[in-house]
1. Just one of the numbered conditions (1) under 18 Å from Phe256 (Cβ atoms); (2) within 14 Å of the ligand (Cβ to nearest atom); (3) open to solvent by 60 Å² or more (accessible area, probe 1.4 Å); (4) not small (Gly, Ala, Ser) is not true of Phe149; which one?
2. Output yes when any residue across segment 108-116 is over 22 Å from the mean Cα position of the chain (by Cα) and open to solvent by less than 50 Å² (accessible area, probe 1.4 Å), and no when none is.
3. Quickly run through segment 169-195 and pick out the residues that are crowded, with 21+ Cβ neighbours inside 10 Å and either more than 18 Å from Pro121 (Cβ to Cβ) or aromatic (Phe, Trp, Tyr) (or both).
4. Restricting attention to segment 176-219, which residues are away from the ligand (no atom under 15 Å from the Cβ) and either of a type outside the set (A, V, I, L, M) or more than 18 Å from the chain's Cα centre (by Cα) (or both)?
5. Looking at Asp40, Asp69, can you tell me which residue is within 23 Å of Phe149 (Cβ to Cβ) and at pLDDT 95 or above?
6. Condition test on Arg128, is it without any contact (Cβ under 8 Å) to a residue 24 or more places away in the chain and more than 30 Å from Glu280 (Cβ to Cβ)?
7. Just to be sure, is Asp58 surrounded by fewer than 19 Cβ atoms within 10 Å (Cβ to Cβ), under 25 Å from Gln286 (Cβ atoms) and not aromatic (Phe, Trp, Tyr)?
Amino acid sequence: MIVPPGSTIGIIGGGQLGRMLAVAAAQLGYRCHVYAPDPDGPAAAVAARFTRGAFDDDAALEAFAREVDLVTYEFENVPVAPLAAIAGRVPLFPPVEALEIAQDRFSEKSFVQRHGGRPAPYAAVDDRAGLDRALAEIGGPAILKTRRFGYDGKGQMRIDSPAGADAAWEAVKGAPSILEGFVDFDAEFSILLCRGQDGETTIWDAPVNRHEGGILVTSTVPAGPELGAAIPVAEALARRIADALGHVGMLTLEFFARGGEALFNEMAPRVHNSGHWTIEGAQTSQFENHIRAICGLPLGATLRTAPRVEMVNLVGDDASAWPAILAEPGARLHLYGKNEPRPGRKMGHVTRLLA
Ligand code: AMP
């Protein structure tokens with residue numbers, strides 16, 4: 001099914017991912033209609049239309065779906081039920097099943113495991129006694145993470161000894177969680193994959209990702225030779241997962257590399273922060289290929305445009321360095337138009353194409 005240029009793409013979610021999707025869509029001649037609770041978010045400012053609505057307002061989402069030719073989402077914590085209802089009326093990609101699996105850390109790890117992936121040891125934790133059982137099984141150090149609604153390191157807490165269990169249980173506010181063995185990794189990397197309606201799949205160079213306090217700080221391509229063996233295994237897994245889901249659009253899988261092995265961490269059925277470098281660093285960006293895929297167009301080539309590419313997130317006050325970044329030859333600045341630089345808030349990013 002082709003949704004041709006000139007059509008209107010509905011985007012649920014109004015953050016920077018939606019903003020960069022809308023810019024890529026506009027370049028291909030599409031109009032974007034953004035649906036989000038916050039009218040001052042990054043995406044609304046660059047979209048042709050905006051509807052203010054809550055993510056759980058079934059009636060408002062249904063009315064929004066009637067106004068657009070196709071729906072996609074840039075935010076992972078949208079309730080699945082209203083999306084499934086929309087999907088019956090208007091094409092909606094990526095498939096709701098992919099979102100449903102990715103919204104729950106336990107189900108995503110078991111799904112990926114069923115398809116041959118290897119996560120760090122993990123166990124579901126439903127109550128305080130369950131945490132003790134999981135700690136006894138997995139051992140320490142470990143990380144307790146809420147099953148749902150976690151992002152950028154929120155909703156998770158490291159446990160170094162049994163004495164830390166109470167504090168961790170308090171930190172997750174007793175929410176259904178998983179306990180995960182702490183991985184002493186060599187590096188973190190992600191697989192950025194885009195699958196078209198016809199099953200054609202493109203993959204970019206796998207970025208090596210550095211996090212601080214759970215927040216992505218830099219993504220760099222290409223990865224060093226020490227990750228060489230882990231990446232092809234992870235790519236093959238990502239293809240199997242995308243095929244199994246009948247995925248359409250971007251799918252990102254995050255991994256820990258340890259001793260040449262790829263340990264699966266989590267997946268996102270959407271464009272991803274670790275793929276921002278593709279805007280200037282690849283022949284076709286993750287945002288453009290996502291739009292191409294969901295609209296039934298051929299996917300673009302994903303080759304790197306420079307020997308080395310580095311993306312640095314501008315978090316909180318980092319963004320105040322924008323004059324110096326603009327003065328730097330070759331640095332490509334992206335600001336998301338957020339007016340309040342709170343600590344930990346992603347305000348923009350800079351991409352450097354390097355020799
Ligand atoms: P997540 O939200 O699960 O992606 O976690 C955010 C970041 O916390 C990861 O990118 C890692 O840097 C770190 N982290 C999460 N889980 C683990 C783990 N099991 N072992 C070591 N580091 C972890």
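The values are calculated or read from the model by the stated rules, or taken from the named source; none is laboratory data. What you are looking at is a predicted structure, and each value in this text was computed from that prediction instead of being measured. Neighbour counts are summed over all protein chains in view; Cβ atoms, including those assigned to glycine, are modelled from backbone coordinates with ideal geometry. Ligands, DNA and RNA are excluded from the accessible area calculation, which covers all protein heavy atoms including side chains. Shrake-Rupley method; radii C 1.70, N 1.55, O 1.52, S 1.80 Å.
1. With (1) under 18 Å from Phe256 (Cβ atoms); (2) within 14 Å of the ligand (Cβ to nearest atom); (3) open to solvent by 60 Å² or more (accessible area, probe 1.4 Å); (4) not small (Gly, Ala, Ser) applied to Phe149, the lone miss is (1).
2. Within segment 108-116 (the criterion being over 22 Å from the mean Cα position of the chain (by Cα) and open to solvent by less than 50 Å² (accessible area, probe 1.4 Å)), the answer is no, since none of the residues qualifies.
3. Answer for segment 169-195, where residues must be crowded, with 21+ Cβ neighbours inside 10 Å and either more than 18 Å from Pro121 (Cβ to Cβ) or aromatic (Phe, Trp, Tyr) (or both): Trp169, Phe189, Ser190, Ile191, Leu192, Leu193, Cys194, Arg195.
4. Result: Pro176, Cys194, Arg195, Gly196, Gln197, Asp198, Gly199, Glu200, Thr201, Thr202, Trp204, Asp205.
5. Asp40
6. No.
7. no
Yes/no per residue for (1) over 23 Å from Ala22 (Cα atoms); (2) more than 16 Å from the ligand (Cβ to nearest atom); (3) at pLDDT 95 or above:
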residue	(1), (2), (3)
Leu263	yes, no, yes
Ala268	no, no, yes
Ala282	no, yes, yes
Gln286	no, yes, yes
Ala293	no, yes, yes
Gly296	no, yes, yes
Arg304	no, yes, yes
Val315	no, no, yes
Ala321	yes, yes, yes
